[in-house]
Amino acid sequence: MDALSVAVAANLPVILWGPPGTGKTSAVLALGRRLGLPVEVVVGSIREPSDFAGLPVLRDGGTWLAPPRWAERLAATGTGILFLDELTTAPPAVQAAMLRVVLERTVGDLVLPPSVRIVAAANPPEQAADGWDLSAPLANRLIHLDWKFSAASVAEGFAGGFPVPDPAGWSVPSAAEVGRARALVGAFLRVRPELVLAVPDGPARAWPSPRTWDLAATALACTTHEPPPVPEVSRSRRERVRAELVVGAVGEAAGFELLSWLRDLDLPDPETLLADPAAAPLPDRVDRMHAVLAAVVAHVTADGGTDTWQRAWTLIARVAGRTPDVAATAARDLAARRPHGAALPTAVLDLAPILRSAGLMP
């Protein structure tokens, strides 16, 4: 439920997998009530492809792909939750029509407001009525969460009421925090490039692609961000939710490898490094160096200041003496983020041979 709350708060498209009758739909409706968001429930088995792709009608001398009423209501409200229930009962043609809805929030010729959240629920195909496997393209647009329950939790629910997803203590990260998480994921993929894309041969749930790595990065930022929590969210609970979301985005093999790599990094803070770029200690491992410089570039991008940008060049020049290829990558990214009117620091001269060999300067 924590993972569902975080995904909805951060506007990450998510799907709940579990047997029928276990409270998935009730939990989503209760979360909508708690957040004050209208919930539009759409069941794929009773819909046609035109309910998502739009129905062609004549309008103003042209053809308009008219959206259904549920999409118009969400657009008029400006926010809400689009709940795609019983997703594995939707035949392949309907699933194909849903692709643009989930990714681009577009229904026919109507674009839903950006604040409309996408939540889905599904029974495993063998447990669904007339069940279909989820297509790989549709699966790759969602974070997959296993809906877990126990006899004890059901008994407690009957006695004292069933729990409701609670977003308290979780908050949406800033653009700078998301940028830093994306930089860390990018550094990981530099050392494990074979994990960038692994298209499944058959039916699958979560699998790694550039799209799902982006979802994983946002999930990392959501669960690393620690505002004054009310009530306090413990570190162990935060780590469990982080694992649920990251693995739900890219799958178990890639997700657990990323989490293990991050756990072993022990990176210095970019602000600490930039406070003394000429003498601050740097890591020895190449993968850590990639991660450090990626985090520094993300910090400089968020800061936007000329002084911070120039200090970063001093740090990169130091790295160039030890791992030129790592320095060249960071130099290219940093050069693309040069503040308007910023003068080139003298440290760039030390990088000239490396930049030439990398094709970044004549």
Checklist outcome for this item: From the option list A291, A335, single residue qualifying as small (G, A, S) and either in contact with an Asp or Glu (Cβ under 9 Å, 6 or more places away or on another chain) or without any contact (Cβ under 8 Å) to a residue 60 or more places away in the chain (or both) is A335
Checklist entry - Taking the stretch 15-32, which residues are part of a helix (DSSP H, G or I), more than 18 Å from G44 (Cα to Cα) and out of contact with any helix residue (DSSP H, G or I) (no Cβ under 8 Å at 6 or more places or on another chain)? => result A30, G32
Checklist entry - Given the residues R263, R240, R235, which is the only one that is under 30 Å from A27 (Cα atoms) and free of Cβ contacts under 8 Å to residues at least 40 places away in the same chain? => result R235
Checklist entry - If we scan the stretch 310-333, do we find a residue that is more than 18 Å from P283 (Cβ to Cβ), surrounded by fewer than 17 Cβ atoms within 10 Å (Cβ to Cβ) and not assigned by TED's automatic domain parsing to the domain that holds A183? => result yes
Checklist entry - Got a sec? Which of A152, A216, A176, A181 is in contact with a Cys (Cβ under 9 Å, 6 or more places away or on another chain), part of a helix (DSSP H, G or I) and either outside the structural domain of R235 (by TED's automatic domain parsing) or surrounded by 13 or more Cβ atoms within 10 Å (Cβ to Cβ) (or both)? => result A181
Checklist entry - List, please: which pairs have Cβ atoms under 8 Å, are six or more places apart or on different chains, and start with a residue in the stretch 106-131 that is not assigned by TED's automatic domain parsing to the domain that holds R69 and end with one that is surrounded by fewer than 17 Cβ atoms within 10 Å (Cβ to Cβ)? => result none
Item to check | Answer from L138, L99, L134, L84 - the residue that is in contact with a helix residue (DSSP H, G or I) (Cβ under 7 Å, 6 or more places away or on another chain), touching a residue at least 24 places away in the same chain (Cβ under 8 Å) and part of a strand (DSSP E or B) | outcome: L84
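Can you confirm whether P281 is assigned to a loop (DSSP other than H, G, I, E, B) and surrounded by 15 or more Cβ atoms within 10 Å (Cβ to Cβ)?
Values: assigned to a loop (DSSP other than H, G, I, E, B): yes; surrounded by 15 or more Cβ atoms within 10 Å (Cβ to Cβ): no.
So P281 does not fit the description; no.
The values are calculated or read from the model by the stated rules, or taken from the named source; none is laboratory data. This is a predicted model, so every value here is computed, not measured. Backbone-built Cβ (ideal geometry, glycine too); neighbour counts: all protein chains shown.
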